[in-house]
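J.: Handing you this structure, nothing more for now.
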Amino acid sequence: MRIDVLTLFPEAFENILEVSIVRRARQKGLLEVVLSNIRDFALNNYNSVDDKPYGGGPGMVMMCQPILDCLEQVEADGPGKGRRIMLSPQGQPFSQNLARELAQEERLILIAGRYEGFDERIRIALQPLEISIGDYVLSGGEIPAMVIIDAVTRLLPGALGDERSTEQESFTAGLLEYPQYTRPEVFRDLGVPEVLLSGHHAKIEEWRSQQARQRTRQRRPDLLAELANETEEQKSDIQNNRKS
Ligand code: 4F9
């Protein structure tokens, strides 16, 4: 996969590209990340990329011209047009499902803005998929872009050493993680649940499943509702398939 990032702060990405899974995916040739500085496409003597909003009001707005010129050059380079993605609080909520969908693409083009927002004509011209990583205001789209790079990279075939860790075991898919323990067996008087030391695989799986369900019910009941919905959708998909 190739991921292009259009940003005013390409240097902000350098560290995350150099550590852990993302670094290894790049070394293995599974992922190429190309950073483009929107400011390189500014035309006036001040290298402006933002301007005051028409109608007045606080803050500055990202101008059309530098972003569109930058995108046109990026798209002219390399294979395939790719999926245009703009990071914005007004976007579709990011999720593991959306990450899975994006991981199927050959190329992603991430547009990270700064200031109070984008000139609306950037959206009209580019028709990007808009993605939000959550309901809070950040100083720019760079961190959301890094979130997407990280979540998508983990899903590229071969990116994780152990393919089993991509998806949790099927009995806990879509649930919160069960509690995990590692050595030592006693740490400051705190032991490890007996069942995990028993070597009884069926009992361990049952305990983990029960813990994952309990934890999800207590902390994120919305996830259980989501799972129930998916199961209903799968049932009706099967029925619709039988009819057609
Ligand atoms: C983008 C917040 C995506 C959440 C971009 C200010 C943003 C954001 N998800 N906030 N610029």
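J.: Looking at segment 70-83, is at least one residue in contact with a Phe, Trp or Tyr (Cβ under 6 Å, 6 or more places away or on another chain) and either basic (Lys, Arg) or within 16 Å of the ligand (Cβ to nearest atom) (or both)? Write out each step before concluding.
T.: Of the residues in segment 70-83, the ones in contact with a Phe, Trp or Tyr (Cβ under 6 Å, 6 or more places away or on another chain) are 70.
Keeping just the survivors that are either basic (Lys, Arg) or within 16 Å of the ligand (Cβ to nearest atom) (or both) gives none.
No, segment 70-83 contains no residue that is in contact with a Phe, Trp or Tyr (Cβ under 6 Å, 6 or more places away or on another chain) and either basic (Lys, Arg) or within 16 Å of the ligand (Cβ to nearest atom) (or both).
J.: Is it the case that some residue within segment 81-91 is modelled with pLDDT under 95 and either surrounded by fewer than 13 Cβ atoms within 10 Å (Cβ to Cβ) or over 18 Å from Asp50 (Cα atoms) (or both)? Break it down stepwise before answering.
T.: Step one: of segment 81-91, the residues modelled with pLDDT under 95 are 81-82.
Those still in the list that are either surrounded by fewer than 13 Cβ atoms within 10 Å (Cβ to Cβ) or over 18 Å from Asp50 (Cα atoms) (or both) too: 81-82.
Yes, segment 81-91 contains a residue that is modelled with pLDDT under 95 and either surrounded by fewer than 13 Cβ atoms within 10 Å (Cβ to Cβ) or over 18 Å from Asp50 (Cα atoms) (or both).
J.: Taking Ile133 as the residue in question, decide whether it is within 16 Å of the ligand (Cβ to nearest atom), closer than 30 Å to Val61 by Cα, touching a helix residue (DSSP H, G or I) at 6+ places or on another chain (Cβ under 7 Å) and open to solvent by less than 20 Å² (accessible area, probe 1.4 Å).
T.: no
J.: Name the residue that is farthest from the chain's Cα centre (by Cα), counting only residues in segment 109-130 that are aliphatic (A, V, I, L, M) and within 15 Å of the ligand (Cβ to nearest atom). Let's see the steps before the verdict.
T.: We begin by selecting, within segment 109-130, every residue aliphatic (A, V, I, L, M); these are 109-112, 122, 124-126, 129.
If we keep only those that are within 15 Å of the ligand (Cβ to nearest atom) too, we end up with 110-112, 122, 129.
Details: Leu110: 11, Ile111: 14, Ala112: 13, Ile122: 22, Leu129: 13 Å.
Of everything passing the filter in segment 109-130, Ile122 is farthest from the chain's Cα centre (by Cα).
J.: Could you please find all residues in segment 136-150 being open to solvent by 20 Å² or more (accessible area, probe 1.4 Å) and either away from the ligand (no atom under 14 Å from the Cβ) or not in a loop (DSSP other than H, G, I, E, B) (or both)?
T.: Across segment 136-150, the qualifying residues are Ile143, Met146, Val147, Asp150.
J.: Now for a separate question. Taking segment 104-135, which residues are within 23 Å of Leu17 (Cα to Cα) and outside any strand (DSSP E or B)?
T.: Answer for segment 104-135, where residues must be within 23 Å of Leu17 (Cα to Cα) and outside any strand (DSSP E or B): Gln104, Glu105, Glu106, Ala112, Gly113, Arg114, Ile133, Gly134.
J.: Being open to solvent by 20 Å² or more (accessible area, probe 1.4 Å), closer than 30 Å to Leu30 by Cα and within 15 Å of the ligand (Cβ to nearest atom): is that true of Glu101 here?
T.: Numbers: open to solvent by 20 Å² or more (accessible area, probe 1.4 Å): yes; closer than 30 Å to Leu30 by Cα: yes; within 15 Å of the ligand (Cβ to nearest atom): no.
Answer is no for this residue.
J.: So, one more: Report, by residue number, each residue of segment 176-219 that is surrounded by 11 or more Cβ atoms within 10 Å (Cβ to Cβ), free of Cβ contacts under 8 Å to residues at least 40 places away in the same chain, within 32 Å of the chain's Cα centre (by Cα) and in a loop (DSSP other than H, G, I, E, B).
T.: Passing the criteria: Glu177, Tyr178, Pro179, Tyr181.
The values are calculated or read from the model by the stated rules, or taken from the named source; none is laboratory data. Since the structure is predicted, the reported quantities are computational estimates derived from the model, not experimental observations. Cβ sites come from the backbone with ideal geometry, for glycine too, and all protein chains shown count toward neighbours. To get the accessible areas, we keep the full protein, side chains included, count just its heavy atoms, and leave off ligands, DNA and RNA. Shrake-Rupley method; radii C 1.70, N 1.55, O 1.52, S 1.80 Å.
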